[in-house]
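To keep things clear, I will list the structure first and then write my remarks on it.
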Amino acid sequence: MTGFFVRVARQWIAGEMLDDGIERAKKSNSKGILGLLNLLGEDIKSKTQVKDTVSEYSRLLERIAQSKVSSQISIKPTQLGLAFDPEYCLQNYQKIAEDSKSYSDNFLWVDMEGSPFTQKTIDLYKQILAKYPKTGIAIQAYLKRSERDLRELLPLGAKVRLVKGAYNEPAEIAMKTKKEISENYSKLTRILFEDPGRNFFAVATHDGKLVDVAKELSRDNANFEFEMLMGVRDRLKAELVQDKFQVREYIPYGPEWFAYSMRRLREKRSNILLLVRSLFSS
Ligand SMILES: Cc1cc2nc3c(=O)[nH]c(=O)nc-3n(C[C@H](O)[C@H](O)[C@H](O)COP(=O)(O)OP(=O)(O)OC[C@H]3O[C@@H](n4cnc5c(N)ncnc54)[C@H](O)[C@@H]3O)c2cc1C
């Protein structure tokens with residue numbers, strides 16, 4: 001079981017070290033795909049660990065700039081202390097955003113976690129965005145509140161990564177069927193494409209039908225990119241690159257990959273669910 005799992009997990013995770021991430025991003029670049037690096041980890045409870053995480057992201061930004069690899073970074077708020085001190089978390093994002101700006105004027109994404117953190121993450125993002133325009137936030141199409149959030153965020157200049165959502169949320173706040181979620185994803189995609197502010201955004205899905213919706217809408221607005229996870233739908237990525245769309249892949253790395261992924265494998269056996277959950281849920 002373990003050997004099988006290591007092989008499967010290795011498709012999705014670059015390796016344990018920062019340089020594994022950089023090398024994987026270079027490989028993506030060689031295929032015309034941009035990188036989006038993430039240090040695995042979530043729900044960090046001590047300031048010492050958060051401090052180490054902040055230093056690792058600073059080193060990562062420095063290495064991205066030095067190695068001239070084309071990659072952005074994406075960070076979960078609970079990696080930077082959102083669960084125990086939102087103000088401290090904001091300071092950490094601001095420090096990383098400052099580094100991101102000074103190293104090659106890079107772009108920083110804020111991942112979205114489970115619903116206890118939705119409002120806190122949006123509040124956090126608004127404060128980061130006010131000072132650092134080259135930052136973006138993930139918005140989850142399965143949440144009933146997301147259309148409202150999108151309409152509130154776009155006039156502020158928000159850059160949105162639209163995802164379906166990876167956490168197991170209650171029916172009171174989230175759509176539960178694949179059909180409902182896809183319909184809402186299409187609706188939100190349309191709002192992004194038709195937004196008069198023309199803010200940059202990302203369509204982050206492996207769902208071919210939703211990719212087609214975006215391709216169709218992109219006739220009138222090309223200020224967006226497709227984002228997918230490393231190791232998933234590589235053929236579709238290549239086709240999109242061939243068709244001159246901008247494609248980016250999320251490349252996780254870090255020592256925590258094995259523990260995380262093993263935990264997920266015990267919970268769910270379907271590979272795609274395992275992949276997504278190992279990356280985005282606790
Ligand atoms: C770049 C990126 C960033 C993300 N960030 C976040 C985040 O911050 N917060 C969060 O909650 N979630 C995040 N997610 C995860 C997201 O919420 C979804 O859980 C995840 O992308 C799966 O949904 P899907 O849209 O790909 O559709 P799914 O319904 O999982 O898949 C749709 C269809 O895609 C096809 N497909 C999927 N995988 C394969 C495969 N391996 N081979 C062939 N066909 C396949 C199948 O036809 C499948 O039916 C992110 C996802 C991406 C890609």
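The values are calculated or read from the model by the stated rules, or taken from the named source; none is laboratory data. All of these numbers come straight from a predicted model, not from anything done at the bench. Reconstructed Cβ throughout: ideal geometry from the backbone, glycine too, with neighbour counts over all protein chains shown. Just the protein is used for accessible areas: all its heavy atoms, side chains included, with ligands, DNA and RNA removed. Shrake-Rupley method; radii C 1.70, N 1.55, O 1.52, S 1.80 Å.
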message: Looking at region 94-114, can you tell me whether even one residue there is hydrophobic (A, V, I, L, M, F, W, C), open to solvent by 50 Å² or more (accessible area, probe 1.4 Å) and either away from the ligand (no atom under 16 Å from the Cβ) or free of Cβ contacts under 8 Å to residues at least 60 places away in the same chain (or both)?
response: no
task: Inspect region 154-173 for any residue being in a helix (DSSP H, G or I), surrounded by 20 or more Cβ atoms within 10 Å (Cβ to Cβ) and hydrophobic (A, V, I, L, M, F, W, C) and give the result as yes or no.
output: no
message: For region 154-183, give me each residue that is touching a helix residue (DSSP H, G or I) at 6+ places or on another chain (Cβ under 7 Å), on the phi < 0 side of the Ramachandran plot and at pLDDT 95 or above.
response: 156, 158, 160, 162, 164, 169, 173, 175, 182
query: When residues of region 191-217 are filtered for being part of a helix (DSSP H, G or I) and either exposed (fewer than 14 other Cβ atoms within 10 Å of the Cβ) or at pLDDT below 95 (or both), how many remain?
result: 5
- prompt: When the residues of region 171-214 are filtered to those that are among the β-branched types (Val, Ile, Thr) and in contact (Cβ under 8 Å) with a residue 24 or more places away in the chain, which remaining residue is nearest to the ligand (Cβ to nearest atom)?
  reply: 205
message: Anything in region 218-249 that is touching a Phe, Trp or Tyr at 6+ places or on another chain (Cβ under 9 Å), at pLDDT below 95 and within 13 Å of the ligand (Cβ to nearest atom)? List them, or say none.
response: 229, 230, 231, 232
task: List every residue pair whose Cβ atoms lie under 6 Å apart, where the two residues are 6 or more positions apart in sequence or sit on different chains, the first residue falls within region 124-141 and is on the phi < 0 side of the Ramachandran plot, and the second residue, located anywhere, is of a type in the set (S, T, N, Q) and part of a strand (DSSP E or B).
output: 128/135; 129/135
message: I need the full set of residues from region 60-83 which are farther than 20 Å from residue 201 by Cβ and aliphatic (A, V, I, L, M), in order please.
response: 60, 61, 64, 65, 69, 80, 82, 83
query: Do any residues in region 8-21 that are within 16 Å of residue 229 (Cβ to Cβ) have Cβ atoms under 6 Å from those of residues that are surrounded by fewer than 17 Cβ atoms within 10 Å (Cβ to Cβ), where the two are at least six apart or on different chains, and which pairs are they?
result: 14/20
query: Just to be sure, is residue 18 touching a Ser or Thr at 6+ places or on another chain (Cβ under 9 Å) and at pLDDT 95 or above?
result: no
Matching residues in region 53-74 - criterion: being open to solvent by 50 Å² or more (accessible area, probe 1.4 Å) and either assigned to a helix (DSSP H, G or I) or closer than 20 Å to residue 92 by Cα (or both): 55, 59, 62, 63, 66
- prompt: Just wondering, is there one or more residues in region 79-88 that are small (Gly, Ala, Ser), buried (at least 22 other Cβ atoms within 10 Å of the Cβ) and either more than 13 Å from the ligand (Cβ to nearest atom) or modelled with pLDDT under 95 (or both)?
  reply: yes
